[in-house]
Amino acid sequence: MTPARKAVRKPVEKEAKAGSPVSWLNPRILDPFVHEEVEKIRIVDTHEHLDEEEVRLNQPNDLTKFFMYYAFSDLVTAGLPADAQGKFFATIDPLEQWKLIREYWPLARHTGFSTAIRLSIKELYGIDDLRDDTIKPLIEAVAARNRPGVNRWILKTVSNIECCLVNASDPGDLARRTKAPGLFLFDMAVSDFFADKLDMTPFEKFTGLSCSSLRDWKRIIDWYFARWGRQAVAIKNVCAYWRPLKFEDVPEERASECFERWALRNEDVTVADRRAAQDFMFHYCIRRATDYGLPIKIHTGYFGGNGYMDMSLFQVKDLVNLFRQYPEARFVVMHLGYPEQGDLIALAKHYSNVWVDFCWGWIIDPQAGLEVARQALGALPSNKVFGFGGDYGYADVVYGHQRIARDGISLVLTEAVRDGRLSKNDAKMVARRWLRENAMEMFRIEDKRKAQAMGQPGARPNPHTKIG
Amino acid sequence: MKKKSGAQLVMLETESAGVQEFSRQARATWINPDSLDDAIRAEVDSIQVVDTHEHLEPESVRLGLRPSLKPFLHIYALSDMVSAGLPIKEAELFNRDDLSGERHWKIVRDFWPLIRNTSSACAVRLSLKQLYGIDDLRDSTILPLMEAMSARTSAGFYRWALRDLAGIECALVNITEPPAGELCRKSPDPEIMLYDISIAPLMDENIVLAPYEKASGIECGNLADWKSIIDRQFELWAPTAVAIKNQCAYTRSLKFDNVQESDAAPLFEKWLVRKEGATAPEKKAVQDFVFHHCIRRAIDHGLPVKIHTGYHAWNNYSEPSWYQPKDLTNLFRRYPRARFDLFHIGYPEQMDVVALAKHFANVRVDMCWAWLLDSGASLSFARHCLGALPINKVFAFGGDYGAPDCVYGHGRIARDGVALVLSEAVREGRMTRNDAKEIARRWLRDNAMEMFKVDSKRDAAKAAQMAEDL
């Protein structure tokens, strides 16, 4: 056994638990009571893109799982050359990957994205940083853990997470059938309905319903709500990546005409006509979600990746007509609307049907996370905040992100207690609400688990149905 | 050590031996050193800062002026006083160069107490203390201040104020009014002053072509000629210039559409050749085309593209829709090989700037002027940068003054602010001291040395100076 392997042996075998020594912030700056209470909380992780464990186990054991979400983008913005970017994802040799990025890691290792990696590899694999001499031991340590149960170990045992609300779907479907029921619960991913190049074929094949009008399309949407409405925890819309968040209330007659020209006859329609059809469909989904008691999650703010962001598309305040029109709907505004987080606080304070979701927020910009937490503490009722969502495709980095979230919330609550603005018991209550109870209530976790336990939808409900 | 009350303390302290010349001297400080990590503070104070943005006149101009309060209060502190109620006519009177210090003080004495809490005034007080041993502006200190300034008004004043006291390695200067027909000038002292190519005149609402025709020897009858004149300016100045600088956010929006040359050419001729009176959209189209052309030339010559974003200096005219950093995103997407330097943290849109610099590999953030505008916003901005941006994307100081007298005070606020943010990070356990030191060096010096190629530009400017002397 090499010294390096010996060094990673102990943490690999250790069953980590809440209150572990790896921390983002020095525990000595935190109130011990607040810190301990926050550590004990079994978090409801409101947003992930995690694959099934068997997918992970069959993937190459390389650095992709640490960098793909999202630290790679910070290396790119630090100057990682384009050819190195391509090669990184083309190779499966972790040492080759490291050679490509080793000059840029020191420039970006302090960011939130990278800090989550450093905290994760320390806690999970006993590696304190990425260096020439730690890549091989890291990969060996990951290999030693790469066996059935690894996701549960990372998420439940080490990260102390109750369950993850996952935004991922099977082909043609809006959610995923899972082998980890109870741990993974799913959003209905409705974004493809609002694609600029709407491809109805997968949905028609999957549902067995053909579409020759907007009325047909509504029937298909209804079919998916009937399929997933009882088990899904929310609907999720990420269309801010390609269009503005201003959804007009378009009459069905106009939407129908635009839909037929755009989606059925593939005519070259104007942007306004296409958006009219998209707008109608999102309003329709909101109404169906309300019927099924499903919250509406909306991506707002910053774009993942590099080099294409259009800030006019993701403005939180563009959603206000929806907040006014649908008082019975429950809107979960994701990612703090970063960098427009001030707008989000004001909207969540003003509208009783708007909630703030920190998912992704702590690692985009940890300072923004702290500032929003401080503002939320003074501006919002304690039931309007969801304090953590990892937003990862790989479980390994979830640990580091939740570590930042826990420590950040502990710090903000510690400040409030020390300033005399909050009692310790109040701080404990706020922490429990933000990290667990608000999400348990909002997403009806126990009900959804029961529905999931009663049987997930069939794999392919109408495999032989002919279209048309 | 004598402490003053208040959050922003003006203190005197004696620096231990072993650090560089400027920091061996007694120093006025912004933040109580007790609030800072000792090792980080020592490191930050030892850094010879690259000052990424100044408007300094040549020293010879300054030496010809009589001592007055103008080097301290002009523009920024004066604007705060106008905001506090100083009548505009009084402010205009203050700006005359022929007034004495005593006359200046009579104009502002009722308003100085109202603004001495602001960052711009804090920089004044820190500078007065450090340069001339005067702790504040009062009836009793104006005459001693004028006498102290007179005693210091001699050749070498700039090096003393900038290098010896403020610890500035080099100031990157943007001349507001270049010589007729030129976009830059030769540095009178390349050791301490290097220049941007100022493309502001090309964005002017009232361009006069004649001086450029005369300087270049090219008669300008169409847009192609104008491009040739611009290209010749780039060829002339690029070897010694550190960047190009665009400050047109003072007169128009930062949305630069990609106007085709075939569309811009007839508009150029209508507006500037035939002088037929172009509409605002027609002028904007020509300006848009010219700025795109300048970006392409800047890429060819390896020059960063500095852009004024955010707050408007002076008072009572600001149009926030003109200075939005996010209006620049089409340029960031279109020119991945350009290197954009966003000035003034886009204040008050600094969160947009952080997000843009995080997302786009070709965008950097520049804190020039920012510590003066709003030191609280700057501290917050630095904290955001620490967690959101790679460490090579921040320039932490640019004085943005026309005279060197206040560079010390502004630099002091920047150093103490950076030291405070890094001290917090170390104390909270988010980074090690060595990491903090490296970040301080990058933010205050190394990033700018690399980005603006300070060493090679300085060599080229010295060589040009020697060739001229021969």
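The values are calculated or read from the model by the stated rules, or taken from the named source; none is laboratory data. Keep in mind it's a predicted model, so treat the numbers as computed, not measured. Virtual Cβ from ideal backbone geometry, glycine too; neighbours counted across all protein chains shown.
For the reader, a short list of remarks on this structure follows.
- Of all the residues in region A:91-145, those that are among the hydroxyl-bearing types (Ser, Thr, Tyr), in a loop (DSSP other than H, G, I, E, B) and within 11 Å of another protein chain (Cβ to nearest Cβ) number 2.
- Flag if B:Asp136 is at pLDDT below 95 and either surrounded by 21 or more Cβ atoms within 10 Å (Cβ to Cβ) or within 26 Å of the chain's Cα centre (by Cα) (or both): no
- Subset of region A:211-240 [surrounded by fewer than 16 Cβ atoms within 10 Å (Cβ to Cβ) and touching a helix residue (DSSP H, G or I) at 6+ places or on another chain (Cβ under 7 Å)]: A:Ser212, A:Ser213
- Summed over region A:245-267, the residues that are surrounded by fewer than 15 Cβ atoms within 10 Å (Cβ to Cβ) and under 13 Å from A:Asp196 (Cβ atoms) give a count of 1.
- Residues being charged (D, E, K, R), at the interface with another protein chain (Cβ under 10 Å from one of its Cβ atoms) and either in contact (Cβ under 8 Å) with a residue 40 or more places away in the chain or not in a helix (DSSP H, G or I) (or both) - total across region B:425-439: 4
- Residue within region A:45-54 that is modelled with pLDDT under 95, under 17 Å from the mean Cα position of the chain (by Cα) and not in a loop (DSSP other than H, G, I, E, B) present: no
- Total residues in region A:223-261, condition part of a loop (DSSP other than H, G, I, E, B) and of a type in the set (Asp, Glu): 2
- Taken together, the residues in region A:199-231 that are under 16 Å from A:Asn266 (Cβ atoms) and in contact with a Pro (Cβ under 7 Å, 6 or more places away or on another chain) amount to 0.
- Enumeration of residues in region A:345-397 that are surrounded by 24 or more Cβ atoms within 10 Å (Cβ to Cβ), within 12 Å of another protein chain (Cβ to nearest Cβ) and among the hydrophobic types (A, V, I, L, M, F, W, C): A:Trp362, A:Ile363, A:Ile364, A:Ala368, A:Val372
- For region B:378-411, the set of residues classified as in a loop (DSSP other than H, G, I, E, B) and either surrounded by fewer than 24 Cβ atoms within 10 Å (Cβ to Cβ) or within 11 Å of chain A (Cβ to nearest Cβ) (or both) consists of B:Leu389, B:Pro390, B:Ile391, B:Asn392, B:Lys393, B:Gly402, B:Ala403, listed by residue number.
- The set of residues in region B:119-132 that are in contact with a Leu (Cβ under 9 Å, 6 or more places away or on another chain) and either at pLDDT below 95 or not polar (S, T, N, Q) (or both) comprises B:Ala121, B:Cys122, B:Ala123, B:Val124, B:Arg125, B:Leu128, B:Lys129, B:Leu131, B:Tyr132.
- Residues of region A:269-306 that are in contact with a Ser or Thr (Cβ under 9 Å, 6 or more places away or on another chain), of a type in the set (Gly, Ala, Ser) and assigned to a loop (DSSP other than H, G, I, E, B): A:Gly304, A:Gly305.
Residues checked against (1) away from chain B (no Cβ under 14 Å); (2) without any contact (Cβ under 8 Å) to a residue 12 or more places away in the chain; (3) farther than 30 Å from A:Phe88 by Cα; (4) in contact with a Leu (Cβ under 8 Å, 6 or more places away or on another chain):
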site	(1), (2), (3), (4)
A:Trp24	no, no, no, yes
A:Ile43	yes, no, yes, yes
A:Glu52	yes, no, no, no
A:Asp62	yes, no, no, no
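- Each residue in region B:433-461 was checked for being small (Gly, Ala, Ser), surrounded by fewer than 22 Cβ atoms within 10 Å (Cβ to Cβ) and in contact with a helix residue (DSSP H, G or I) (Cβ under 6 Å, 6 or more places away or on another chain), and 0 pass.
- Output for region B:328-377, where each listed residue is more than 9 Å from chain A (Cβ to nearest Cβ), over 15 Å from the mean Cα position of the chain (by Cα) and part of a helix (DSSP H, G or I): B:Leu328, B:Leu331, B:Arg334, B:Ser375, B:Gly376, B:Ala377
- For region B:161-180, the count of residues that are surrounded by fewer than 19 Cβ atoms within 10 Å (Cβ to Cβ) and outside any loop (DSSP other than H, G, I, E, B) is nonzero.
Matching residues to (1) part of a loop (DSSP other than H, G, I, E, B); (2) in contact with a Leu (Cβ under 6 Å, 6 or more places away or on another chain):
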{"site": "B:Gly221", "(1), (2)": "yes, no"}
{"site": "B:Ser228", "(1), (2)": "no, no"}
{"site": "B:Phe234", "(1), (2)": "no, no"}
{"site": "B:Pro239", "(1), (2)": "yes, no"}
{"site": "B:Val242", "(1), (2)": "yes, yes"}
{"site": "B:Lys255", "(1), (2)": "yes, no"}
{"site": "B:Asp263", "(1), (2)": "no, no"}
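- Within region B:34-83, the set of residues being among the polar types (S, T, N, Q) and touching a strand residue (DSSP E or B) at 6+ places or on another chain (Cβ under 8 Å) comprises B:Gln48, B:Thr52.
- Residue check for B:Ser321: within 14 Å of chain A (Cβ to nearest Cβ) and surrounded by fewer than 19 Cβ atoms within 10 Å (Cβ to Cβ): yes
- Hey, B:Leu183 in the same structural domain as B:Ser375 (by TED's automatic domain parsing) and over 13 Å from B:Gly409 (Cα atoms) or not: yes
- Only one entry in B:Gly302, B:Gly310, B:Gly277 is over 31 Å from the mean Cα position of the chain (by Cα) and not in a helix (DSSP H, G or I), namely B:Gly277.
- Scanning region A:312-344 for residues that are surrounded by fewer than 24 Cβ atoms within 10 Å (Cβ to Cβ), of a type in the set (A, V, I, L, M, F, W, C) and within 14 Å of chain B (Cβ to nearest Cβ) gives a single hit, A:Leu313.
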